[in-house]
1. Relative contact order of segment 474-570, please, whole-number percent, based on alpha carbon pairs below 8 angstrom and at least 6 residues apart.
2. Show me, bin by bin at 10 Å from 0, the whole-percent P(r) of the chain based on Cα pairs.
3. Taking 0.36 nm per residue of sequence separation and subtracting the Cα-Cα distance, how much length would be gained by fully extending the chain between MET457 and ILE332, in nm to one decimal?
4. Please name whichever of ALA142, MET247, ALA233 sits farthest to the positive end of the charge dipole of segment 141-297, dipole taken about the Cα centre and charges placed at Cβ: Lys and Arg +1, Asp and Glu -1.
5. Please give me, ordered by residue number, the trypsin sites (Lys or Arg not before Pro) of segment 319-414 that lie in loop per DSSP and have at most 14 other Cβ atoms within 10 Å.
6. Please give the net charge around ALA131, taking every other residue with its beta carbon less than 13 angstrom from that of ALA131, where Lys and Arg add +1 and Asp and Glu add -1.
7. State the extension gain, in nm to one decimal, for the chain segment bounded by THR507 and GLN274, taking 0.36 nm per residue of separation less the distance between their alpha-carbons.
8. What's the angle, to the nearest 10 degrees (0 to 90), between helix 497-519's Cα axis and the longest principal axis of the chain?
Amino acid sequence: MSGKKNQMVKTFFSSLARKKTLEDTGTSELARVLSLLDLSALGVGSTLGLGVYVLAGSVAKNIAGPAVCLSFLVAAIASAVAGLCYAEFAARVPKAGSAYVYSYVSVGEIVAYVIGWNLILEYAIGTASVARGLSGYIDALAEHKIQAGMESWARMHVDFLATYPDFLAFGFVMLLTALLSIGVKESSFLNNIFTALNLVTVAIVIVSGAINADTSNWNKRFEEIPDNFKKNAGEGGFMPFGVAGMMAGAAQCFYGFVGFDAVATTGEEAKNPQRNIPLAIVISLIIIFLAYFGISTVLTMMSPYYDQDATAPFPYVFDKLGWTVIKWIVTIGAVIALCTSLLGAMFPLPRVIYAMSNDGLIFKFLAKIHPKTKTPLVATILSGFLVAIMAILFDTDQLINMMSIGTLLAYTIVAVCVLILRYQPVEAEYPNLETKQNTDVEYTFFEIFKQMFNLNMIKHATPTSAKITNYSLIIFSIFAAGFDAFIIYGIDELNKPYYLTIFVIITAVMLTLVVVIARQPTDEVKLSFKVPWVPFIPCLSIIINLYLMLELDEQTWIRFAVWLFIGFLIYFFYGMQNSEEGKFRKINKLKTEATSDSNKEVTKF
């Protein structure tokens, strides 16, 4: 009985760790129609929205001052590090599903499910928040008459809901759902037009802002600041809130780059995914950074940081300058940009749902592809209703507070997966390598030390070296979380010997583990793109992402835990039993057993 129970436990845990088979056994039902231009426009369109028209002004006014441009630079570096990891995975696994598929291939089913479940939350909240922001922007142009009317007619007196149901945001989402259901090529064509208009608007803002730039606005001394602004203006100068303010601004500006990973969900709809998806990620990140950096620079030069409008900075600044025509061009451009961002934010959502349901981890009916439009129609309509309900009930701030945690977790797992796959042996090329190299090895302390630092100068990856990498990664991630927690909560205590000693030990262990990973051998696999400076770039990505996750408030973590609990219920009561990978392995096992029995019968005769 004990042996049977142990076998059940072993089977349960092996099910959690089973990895998706890399070979594609069939052709995709999705239409391969997206070019490099389409993919780049999708990356730019899904990212360049609320961030460029709202974030620059609010961060400059309340957090970083003119140093907001450096905040965007730091955020761009953090996003680029994550983007490089995404680009390598896109080159390895040209399938729909983004980080979900990547982690399924390299880490295991349960981790992939957690990532996919959180990507659903990320994209749903991202779309709902943009819809709500677009509705609010239009309401601002109407002098908030929509809000006043709705609050007087249908005010909602619930703490965790918005003050009124936003039917305008609901309408935007349903219209978008209908558009995405028509076909990917049609919606992509519209996205390209909107993205081009968005970039033209950004260019107009930068050029007109440069004409009105005054460098003295970056050097305002505290004495020069009007008395009515001094209370919240910091110390004046380029960094009125110090380096801490600039870094806090970077943490907020990072979310302005969230969305480029939408490109990675189109693996089955891109014409040449292994080449075009990595290129599109890099191109879109460069364009996005140049737009953010240029916008934040001219904005803080046109008007002092303390006299910015945190909700609609550009109409306010151009109105002050008396440039009414430019004001309305920018305002119309902002509405178009938000429409583009809305389209880009929702585009990947049904693709992730499709990928998970196609694998049997969530309900299979969601994987149905419409024969005419070649889109996951059921998944698109269901995700549209989910987003529309969130948009009608929740306020923008409530939505944004939950948006980042799923994204950062996905970025972290992708960075981990890059390292796992890079140091994994290519069994097809070296099937007997481990046996040859590890025969009669006594695992003394010195032998373990030699293997950890590869003093035997092994040239090709082995199962042992892969295990060393994996265990080192686990320990590194734990210590990275401790390192980040120390930076956030204990940096002021470093003058005390006890805290300084702990900090030095944590840092030393992390550096040692990076060296251990770097010393492990790899098998060269030809890819259209590879992350440079491995393992340093992925390890840096892990540190940055964990830091930003720890910056999130307690309420966000509680809501995140509730969402995970619902997801686990679906997985353990449905997904684990209906997993296509599990079915595939059972069939193979039965075939192997049948072949073995047949061979035994032949041997008897």
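The values are calculated or read from the model by the stated rules, or taken from the named source; none is laboratory data. Given the structure is predicted, the values throughout are model-derived calculations rather than measurements. Reconstructed Cβ throughout: ideal geometry from the backbone, glycine too, with neighbour counts over all protein chains shown. Note: areas computed on protein heavy atoms with side chains; ligands, DNA, RNA excluded. Shrake-Rupley method; radii C 1.70, N 1.55, O 1.52, S 1.80 Å.
1. Numbers: 41 pairs, mean separation 37.7, N = 97.
Result for segment 474-570 is 39 percent.
2. Binned Cα distances yield the sequence 3, 15, 24, 25, 17, 9, 4, 1, 0, 0, 0.
3. Numbers: separation 125, 0.36 × 125 = 45.00 nm, distance 6.22 nm.
My answer for the length gained is 38.8 nm.
4. Checking the options against the dipole of segment 141-297, the answer is MET247.
5. Working: sites: LYS320, LYS327, ARG351, LYS364, LYS368, LYS372, LYS374; in loops: LYS368, LYS372, LYS374.
Passing sites in segment 319-414 are LYS372.
6. Values: positive: ARG132; negative: ASP139, ASP166, ASP395.
Residues near ALA131 contribute -2 overall.
7. Details: separation 233, 0.36 × 233 = 83.88 nm, distance 3.67 nm.
Extra length from THR507 to GLN274 when fully extended: 80.2 nm.
8. Approximately 60 degrees, to the nearest ten.
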